[in-house]
Amino acid sequence: MPENILVTGGAGFIGSHTVLELLLAGYHVVVVDNLNNSSGASIRRVKELAGEHGDNLHFHELDLRDKPALQKLFTGTKIDSVIHIAGLKSVGESMEKPLMYYNNNIIGAITLLEVMDAHGCKSLIVSSSATVYGWPKEVPCREDFPVDAINPYGRTKPVVEEMCRDVQRADQEWKIILLRYFNPVGAHQSGYIGEHPRGTPNNLMPYMQQVAVGKRPALTVFGDDYSTGDGTCVRDYVHVVDLARGHVAALRKLSDPDIGCEVYNLGSGKGTSVLEMVAAFEKASGKKIPLVMAGRRAGDGEIVYASTEKAERELNWKAEYSVEDMCRDQWNWAMNNPDGYESPDP
Ligand code: NAD
Ligand code: UDP
C-alpha cells in the first residue's frame, strides 16, 4: 500500500515542489493549506505535472489552527507521516506583527502535533531554517552550532524545534526530522510551478526577477563593505527541486526505528555573494540588472552557508543543481509566468 503523506503548506513555494517529488516517488499526498500566501493554481499545476500520479493528490483548504477541521481530516483519512511546511516567513512583517507570527507558526504547530498524537500518527518532518544560526561565528554552519535567532520569524523556528524534541523525549514512538533550509531559489524545470511572492519581494532572487522583467527599476544591494571577496553578503542558495528531494530522502530516513528527533541542514554547502548571484542571473536572462548600492540591511549575517556532511551521510542526499541551473530555471518560470500564478497557463 502506498503511504499517505500529509503536507501542510503544500500550495506554497517549497510545498508545491515537495508535493510533486512525493507524487513522482509514488506517495499519496494530502495537502492542507489556507492559501494565505499561495494559490490553488499551484495544486492544479502540480497535479498536471505529476501525470498519471496526479490523482493521488488531494487538497483541503483549511487553516492548521482549525483543530476540529484537522481532526475531521485525520478521522476520515489514514495519514502515515506529516511534512509540516506551512508557516509565515517574512522577517520584516514579523518585526511589525510579532504576535501574528507567534500565533500562526507556534499555535499551528501545536495544533498539528496534538491532532497527530490523538490519532497515533507520530512520524513527522518539519521545516526549519538557517535563520536559527543567526550570525554564525564560523562557517560552514553545522547542526550542533548554538541557536541564535535574531527576529520574531526566526525565533518561531527554534521554539518549534524544541517543542518537537520535548514531544519525542516524552514519547519515543515519535520519529521527527527537522530540516534547516538555507536559501531556496529557482523553480521546477518545466516553468510551470515556482515562487509567487505577494506584494514587494523581500528576498534577493524574486526581487531580481522582477527587475529583469521590468516590474522594478533596480536591485538595491544591501551593503558592499562586508569582509567578503567583493564586499557583498554570502549565502547558500539551493535549488528548490533539490530541496524538495531532500524531503523525500528525509521521509525514507523516518523508517529508521532509531531516528528519534534529528536535525539536518539542507543547503548546497557553497557560498555565493550577492554580486555573483547578480552576474549569474544576468547571464541566464540576458538582461542587465541595474544596481543601487545601499547600506547594510539590519539583521543580515555576513557569510552563511551550510555544512552538508550530515545530510549526505545520513540522508544520502546532496544538492545537485548549480547556481547557473537555479538562475536558468528561475528565469524560465519568470518568462512563462510574468504575473506568477495569475498568468494564464503557459
Ligand atoms: P510559502 O509562503 O510559499 O508557503 C507557506 C504555505 O503555508 C503557504 O501556502 C501558506 O498559505 C501556508 N500557510 C501559512 N500558514 C498557514 C496556516 N496557519 N494553515 C494552513 N496553511 C498555512 O513559503 P515557502 O517559501 O514555501 O516556505 C515554507 C516553509 O519553509 C516555511 O515554514 C518557512 O519558514 C520555511 N523556510 C523558507 C525559506 C525560504 O526562503 N523560502 C527558508 C527557510 C525556511
Ligand atoms: N539582498 C539584497 N537586495 C535585496 C534582497 C536581498 O542585496 O533586495 C541581499 C541580502 O542583504 C542578503 C542576500 O541578498 O545578503 C540574500 O537575502 P535574502 O533576503 O534572499 O535571504 P536571507 O537574508 O534570508 O539569507
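The values are calculated or read from the model by the stated rules, or taken from the named source; none is laboratory data. Given the structure is predicted, the values throughout are model-derived calculations rather than measurements. No Cβ is skipped: glycine too gets one built from the backbone with ideal geometry, and neighbour counts run over all protein chains shown.
Quick one: in segment 162-174, of everything that is closer than 13 Å to VAL263 by Cβ and buried (at least 19 other Cβ atoms within 10 Å of the Cβ), which residue is farthest from ligand 1 (Cβ to nearest atom)?
The selected residue is GLN168.
Within segment 235-246, identify whether any single residue is buried (at least 19 other Cβ atoms within 10 Å of the Cβ), more than 14 Å from the chain's Cα centre (by Cα) and β-branched (Val, Ile, Thr), and answer yes or no.
no
Sort through GLU114, GLU143 and tell me the only one that's farther than 26 Å from LEU35 by Cβ, of a type outside the set (Val, Ile, Thr) and either crowded, with 18+ Cβ neighbours inside 10 Å or at pLDDT 95 or above (or both).
GLU143
Based on what the data block shows, is PRO217 out of contact with any Ser or Thr (no Cβ under 9 Å at 6 or more places or on another chain) and within 12 Å of ligand 1 (Cβ to nearest atom)?
Answer is no for this residue.
Within 21 Å of LYS270 (Cα to Cα), within 16 Å of ligand 2 (Cβ to nearest atom) and among the β-branched types (Val, Ile, Thr): does that describe THR156?
no
Pairs under 9 Å by beta carbon, first residue at positive phi in segment 313-324, partner in a helix (DSSP H, G or I), six or more apart or different chains?
Every condition considered, the pairs that remain are ASN316/ALA249; ASN316/ARG252; ASN316/LYS253.
Filtering segment 250-276 down to residues that are crowded, with 21+ Cβ neighbours inside 10 Å and among the hydrophobic types (A, V, I, L, M, F, W, C), which residue is farthest from GLY15 (Cα to Cα)?
VAL274
Just the residues that are part of a loop (DSSP other than H, G, I, E, B) and either away from ligand 1 (no atom under 13 Å from the Cβ) or surrounded by fewer than 24 Cβ atoms within 10 Å (Cβ to Cβ) (or both), please, taken from segment 177-191.
HIS188, GLN189, SER190, GLY191
Against the definition (surrounded by 19 or more Cβ atoms within 10 Å (Cβ to Cβ) and of a type outside the set (A, V, I, L, M)), how does HIS60 come out, yes or no? Outline the logic, then answer.
Values: surrounded by 19 or more Cβ atoms within 10 Å (Cβ to Cβ): no; of a type outside the set (A, V, I, L, M): yes.
Considered against the rule, which asks whether it is surrounded by 19 or more Cβ atoms within 10 Å (Cβ to Cβ) and of a type outside the set (A, V, I, L, M), HIS60 comes out as no.
Checking the structure you have, find out if any residue of segment 326-339 is crowded, with 21+ Cβ neighbours inside 10 Å, under 30 Å from LYS47 (Cβ atoms) and among the aliphatic types (A, V, I, L, M).
yes
Yes or no: VAL221 buried (at least 18 other Cβ atoms within 10 Å of the Cβ), within 14 Å of ligand 2 (Cβ to nearest atom) and more than 28 Å from ASN337 (Cβ to Cβ)?
In short, no.
Being within 16 Å of ligand 2 (Cβ to nearest atom), among the aliphatic types (A, V, I, L, M) and in a loop (DSSP other than H, G, I, E, B) is the requirement here; does VAL139 meet it?
Yes.
Given GLN172, GLN168, which one is in contact (Cβ under 8 Å) with a residue 60 or more places away in the chain and in a loop (DSSP other than H, G, I, E, B)? Working first, answer last.
On the way: GLN168 fails: in a loop (DSSP other than H, G, I, E, B).
Going through GLN172, GLN168 in turn, the sole match is GLN172.
Taking the options LEU254, LEU243, LEU266, LEU315, name whichever one is away from ligand 1 (no atom under 15 Å from the Cβ) and either out of contact with any Ser or Thr (no Cβ under 7 Å at 6 or more places or on another chain) or aromatic (Phe, Trp, Tyr) (or both).
None of the others qualify; the one that does is LEU315.
Filter segment 192-206 down to the residues that are buried (at least 19 other Cβ atoms within 10 Å of the Cβ) and closer than 16 Å to MET277 by Cα, then identify the one that is nearest to ligand 2 (Cβ to nearest atom).
Looking at the filtered set, the residue picked out is LEU204.
Mind listing just one residue for me: the one in segment 281-302 that is charged (D, E, K, R), away from ligand 1 (no atom under 16 Å from the Cβ) and under 25 Å from the mean Cα position of the chain (by Cα) and, of those, surrounded by the fewest Cβ atoms within 10 Å (Cβ to Cβ)? Give the steps one after another, and end with the answer.
Restricting attention to segment 281-302, the residues satisfying the condition of being charged (D, E, K, R) are 282-283, 287-288, 296-297, 300, 302.
Checking which are away from ligand 1 (no atom under 16 Å from the Cβ) leaves us with 282-283, 287-288, 296, 302.
This time we only want the ones that are under 25 Å from the mean Cα position of the chain (by Cα), so: 282, 296, 302.
On the way: GLU282: 15, ARG296: 13, GLU302: 15.
Among those that are charged (D, E, K, R), away from ligand 1 (no atom under 16 Å from the Cβ) and under 25 Å from the mean Cα position of the chain (by Cα), it is ARG296.
Quick check on segment 95-105. Is at least one of its residues surrounded by fewer than 22 Cβ atoms within 10 Å (Cβ to Cβ), at pLDDT below 95 and within 16 Å of ligand 2 (Cβ to nearest atom)?
Yes: segment 95-105 contains one or more residues that are surrounded by fewer than 22 Cβ atoms within 10 Å (Cβ to Cβ), at pLDDT below 95 and within 16 Å of ligand 2 (Cβ to nearest atom).
Output the strands (runs of 3 or more DSSP E) that fall wholly within segment 1-120 and possess 3 or more residues being in contact with a strand residue (DSSP E or B) (Cβ under 8 Å, 6 or more places away or on another chain) and near ligand 1 (Cβ under 10 Å from one of its atoms), or say none.
It comes to 28-33.
Please pick out the residue among GLY9, GLY40 that is under 17 Å from VAL248 (Cβ atoms) and at pLDDT 95 or above.
On the way: GLY40 fails: under 17 Å from VAL248 (Cβ atoms).
So the residue among GLY9, GLY40 that is under 17 Å from VAL248 (Cβ atoms) and at pLDDT 95 or above is GLY9.
Please indicate, with yes or no, whether at least one residue in segment 240-262 is under 17 Å from SER129 (Cβ atoms) and in a loop (DSSP other than H, G, I, E, B).
no
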